[in-house]
Amino acid sequence: MESSRPRIGPPAIPWSIRLSVCFICLFVLFALFGEFLSPYGFRETSMFDRLLPPGSPGYVLGTDARGRDVLVRLAVGAQITLIVAIAGTLIGAVIGSLLGIVAAARRGAVEHVIVAAIDVQASLPIIVVALFVLAMFDNSFTLFLLLVGLTGWEVYARLMRGATLSVKERGYVTAVRALGASPARIYLRHILPNIFNVALVQFTINLPLTVLLETALSFLGLGVQPPLTSLGQIMSEGRDRLLTAWWLTLFPGAVIFFLALSVSLCGDWIRDRLDPTLRSET
């Protein structure tokens, strides 16, 4: 006789998350191998093939004002955007997490200094900071990457500081400390594994914000500079031709929109799975 109890298994993955994961995978594949879909280089120009619409012979997505293939430029732009998004978010996550843990571990004057730096960083608009830094120094890809990476570290610092303070007071940490374990062992073996989920969830939340930040700065001319290109820069080049060459802004804009949306949906879903307080009752 079959049991009447309901079967308990892993929660079903929503279709929106599946579509988001598929799009992210396609974006990564396009960024890595998209250049091979076109016989042209992303810097190769042709004054005889200027502003050709999508579907023209030899140009699936058309050309820009210099006769460059939009498809291959989108692939290279996706590479740069992917690098800036992942590397920039990692820089902010590592710096912020380390400072948050140090503030919780040392307390006293060290904590006050870090908390003050967090408040200062949170009060500074990134556009103003970017204008100041790029005006004082020559704009380079390395400088831009560091500038993007230093944006948002204060969020990690606050979260990791609070999580570390909470875990430090738990019974098993107190017991290990009473047994004579060194501070390094306590943090590496007992505290960090229990607060890693906090940084992981925040990483998935900050990643689409970093994509939008890179796009906005490149669109304004403060981000990635020629001869490199990015999705935001491609959109900026086509903003004066919205009516006559709409594909120059539509295609990179659509990629940015769906990428940010997909990563945001996946980030929210991961947060719900890793944070028990956010799980819906079934």
Quick check on the stretch 181-190. Is at least one of its residues small (G, A, S), outside any loop (DSSP other than H, G, I, E, B) and surrounded by fewer than 16 Cβ atoms within 10 Å (Cβ to Cβ)? yes
Is one or more of the residues making up the stretch 44-57 within 29 Å of the chain's Cα centre (by Cα) and open to solvent by less than 40 Å² (accessible area, probe 1.4 Å)? no
For the subset of the stretch 14-31 comprising residues that are in contact (Cβ under 8 Å) with a residue 12 or more places away in the chain and over 17 Å from the mean Cα position of the chain (by Cα), which member is most open to solvent (accessible area, probe 1.4 Å)? L19
Among the candidates L217, L146, residue that is open to solvent by 30 Å² or more (accessible area, probe 1.4 Å), in a helix (DSSP H, G or I) and touching a residue at least 24 places away in the same chain (Cβ under 8 Å): L146
Could you say whether any residue in the stretch 104-118 is open to solvent by 70 Å² or more (accessible area, probe 1.4 Å), closer than 29 Å to Q233 by Cβ and without any contact (Cβ under 8 Å) to a residue 24 or more places away in the chain? no
May I ask you to list the residues in the stretch 114-143 that are polar (S, T, N, Q) and assigned to a helix (DSSP H, G or I)? Q121, S123, T142
So which residues in the stretch 11-41 are more than 26 Å from P54 (Cα to Cα) and assigned to a helix (DSSP H, G or I), if there are any at all? W15, S16, I17, R18, V21
Could you tell me which residue of the stretch 241-272 is least open to solvent (accessible area, probe 1.4 Å), considering only residues that are over 18 Å from A85 (Cβ atoms) and either modelled with pLDDT under 90 or in contact with a Phe, Trp or Tyr (Cβ under 9 Å, 6 or more places away or on another chain) (or both)? A245
Are any residues in the stretch 150-163 open to solvent by less than 20 Å² (accessible area, probe 1.4 Å), under 18 Å from the mean Cα position of the chain (by Cα) and at pLDDT 85 or above, and if so, which ones? Y156, A157
Residue check, S166 against (1) within 22 Å of G108 (Cβ to Cβ); (2) modelled with pLDDT under 85; (3) open to solvent by 50 Å² or more (accessible area, probe 1.4 Å), all met but one. Which one? (2)
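The values are calculated or read from the model by the stated rules, or taken from the named source; none is laboratory data. Because the structure is a prediction, the values reported are computed rather than measured. When we count neighbours, we look across all protein chains shown, and the Cβ atoms used for this are built from the backbone with ideal geometry, even at glycine. Side chains are part of the model used for accessible areas, which takes the heavy atoms of the whole protein and leaves out ligands, DNA and RNA. Shrake-Rupley method; radii C 1.70, N 1.55, O 1.52, S 1.80 Å.
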